[in-house]
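Quick note: the coordinates plus some simple rules give every number you see, no bench work behind them. Worth saying up front: this structure is predicted, and the values here are computed from it rather than measured. Ideal geometry is used to build each Cβ from the backbone, glycine not excepted, and the neighbour counts take in all protein chains shown.
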Amino acid sequence: MAKKIRLNMEVDMQDLKSKILELRKEQNAVLLAHNYQIPEIQNIADYLGDSLELSKISKDLKENTIVFCGVKFMAETAKILSPKKKVLLPVMEAGCPLADMINVEDLIELKGNHPDAWVVSYVNSSAEIKALSDVCCTSANAINVVRNVPVKKIIFVPDKNLGWWVQKNVPEKEIILWQGYCLVHEQFSIDDLMLVRKFHPTAEVITHPECPHDVLEKSDFVLSTAGMLKRVKDSTSKKFVIGTEEGLIYRLKKENPEKYFYSLGSARTCLNMKKTKLEDVYNALAKGQYVVELNLEIMEKAKLALERMVSYV
Ligand code: 13P
Ligand code: SF4
């Protein structure tokens with residue numbers, strides 16, 4: 001009996017996938033997915049990547065509609081970079097708590113206190129914060145962006161750990177940090193790192209720059225999710241300890257079946273990234289939901305900050 005139910009579920013899943021692909025074609029749509037999405041979404045996506053890759057891709061697409069499987073700031077970024085396209089976020093409540101850790105009033109006050117500084121905002125921020133920024137950055141290019149900023153003093157928002165990592169690598173700049181953090185990455189600890197080094201002494205330890213700074217300091221590599229995929233592919237090591245959201249480990253294993261992956265401590269899950277299911281993608285295409293709409297003036301200002309980022313790296 002249990003076997004029969006499972007078979008039906010698989011048939012339903014197959015059916016849903018075919019319907020999504022049919023609708024995608026009918027509507028001239030493209031499916032973009034972040035590396036933390038659930039396996040079913042990763043497997044159906046036209047493009048899978050980190051924030052920087054997906055931003056660059058969304059700029060040059062020929063399709064009319066982008067279905068963004070990720071979180072709100074990512075879909076907003078795609079809309080800002082492709083204002084003429086319809087951008088759909090399948091689950092309206094898929095947000096990023098880190099992005100919500102700074103608001104417009106906070107940033108205006110900070111700018112007022114440091115009028116000679118440039119604002120560099122991590123893409124994990126709202127469109128309004130981007131609009132108040134001089135340039136944006138992602139985890140893949142933050143060091144290069146800050147190096148390229150033509151002033152010494154920088155206000156870096158909202159992630160304190162990424163900001164700390166940038167300051168360590170670009171000591172010639174003076175960075176004012178906002179104290180935001182990612183609830184998921186903040187849980188990786190130095191104790192777990194020490195323990196894992198004991199049990200897997202030959203493994204490379206690769207962490208995301210949103211991890212606490214003592215973890216970053218003791219890692220072998222600090223990289224964006226796309227950077228991690230590249231490092232694993234290029235490395236001759238067989239074992240890797242990964243300090244980022246567990247969705248990436250699915251892709252790492254799939255693309256490197258001969259290598260071994262361990263999470264740094266317990267596997268950490270971003271609940272917002274896991275909200276999008278195949279049913280939501282189907283509904284997004286079938287009902288045209290949920291359309292990302294932004295104020296025109298905000299979009300234009302935010303676009304300048306995003307375009308400056310792309311021109312720097
Ligand atoms: P990446 O750009 O490295 O994929 O990171 C996005 C993110 O939200 C990390 O938590
Ligand atoms: Fe935001 Fe953290 Fe989730 Fe990334 S992992 S989307 S920073 S909450």
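The DSSP beta bridges internal to the chain are antiparallel in roughly 5% of cases. 3J(HN,Hα) couplings calculated from phi for region 279-286 with the Karplus curve 6.51 cos²θ - 1.76 cosθ + 1.60 (θ = phi - 60°) are, in sequence order, 4, 5, 5, 4, 4, 4, 6, 6 Hz; Gly and Pro show x. Using equal-weight Cα scatterers in the Debye expression, the normalised intensity of the chain in log10 at q = 0.10, 0.11, 0.14, 0.16 Å⁻¹ is -0.58, -0.69, -1.09, -1.34. For region 82-89, 3J(HN,Hα) computed residue by residue from phi via the Karplus equation (6.51, -1.76, 1.60; θ = phi - 60°) reads 10, x, 7, 8, 8, 10, 10, 10 Hz, glycine and proline entered as x. Ranking Cys270, Tyr250, Ser311 by Cα position along the charge dipole of region 237-313, where only Lys, Arg, Asp and Glu carry charges on their C-beta atoms, puts Tyr250 farthest toward the positive end. Legend: distances between Cα atoms for Lys130/Lys218; Lys84/Lys130; Lys230/Lys303; Lys85/Lys254; pairs beyond 24 Å are Lys130/Lys218; Lys230/Lys303; Lys85/Lys254.
Near the amide H of Val205, under 5 Å away, which other amide H atoms are found, from residues 5 or more places off or on another chain, if H is placed in the peptide plane? Result for Val205 returns Asp220, Phe221, Val241.
Put a plus charge on the Cβ of each Lys and Arg, a minus charge on the Cβ of each Asp and Glu, and nothing anywhere else: the dipole of region 201-313 about its Cα centre is then about 400 debye.
Return the ratio Rg/(2.2 N^0.38 Å) for region 175-313, where Rg is computed over Cα atoms only. Mind dumping the intermediate values first?
On the way: Rg = 18.4 Å, N = 139, 2.2 N^0.38 = 14.3 Å.
For region 175-313, the normalised Cα radius of gyration is 1.28.
Take every Cα pair under 8 Å in the chain that's 6+ residues apart, average their separations, divide by the length, and report that relative contact order as a whole percent. Provide the component values of the computation, followed by the final result.
Details: 600 pairs, mean separation 70.1, N = 313.
Across the chain, relative contact order equals 22 percent.
For region 159-225, count all C-alpha to C-alpha pairs, find those more than 16 Å apart, and express that count as a whole percent of the total. Tail of P(r) above 16 Å: 47 percent of Cα pairs. Counted by neighbouring Cβ atoms within 10 Å, the residues Met74, Met299, Met194 run from fewest to most as Met194, Met299, Met74. Scaling the Cα radius of gyration of region 110-259 by the globular reference 2.2 N^0.38 Å produces a ratio of 1.12.
Here the Karplus relation 6.51 cos²θ - 1.76 cosθ + 1.60, evaluated at θ = phi - 60°, turns the backbone of region 176-184 into coupling constants of 9, 9, 8, 8, x, 7, 8, 4, 7 Hz, with x for every Gly and Pro. Each peptide in 57-63, 203-209, 147-153 receives the mean, over its residues, of other Cβ atoms within 10 Å, and ordering these scores from highest gives 203-209, 57-63, 147-153. Among Ser121, Ser266, Ser224, Ser219, the order by Cβ neighbours within 10 angstrom, fewest to most, reads Ser266, Ser219, Ser224, Ser121.
Distant-in-sequence amide contacts of Gly95, defined by a placed amide H-H separation under 5 Å and a gap of 5 or more residues or a different chain, comprise Lys72. If I model region 32-165 as equal point scatterers sitting on the Cα atoms and use the Debye formula, what is log10 I(q)/I(0) at q = 0.10, 0.13, 0.15, 0.22 Å⁻¹? Here log10 of I(q) over I(0) equals -0.34, -0.57, -0.74, -1.34.
Multiplying each eigenvalue of the alpha-carbon gyration tensor of region 262-313 by 5 and taking the square root yields semi-axes of 29, 24, 9 Å, largest first, rounded to whole angstroms.
About its Cα centre, what dipole magnitude does region 1-147 give when the only charges are +1 on Lys and Arg Cβ and -1 on Asp and Glu Cβ, stated in debye to the nearest 20? Kindly include the intermediate steps, with their values, before the conclusion.
Values: 18 positive and 20 negative charges, 128 e Å.
Computed about the Cα centre, the dipole is about 620 debye.
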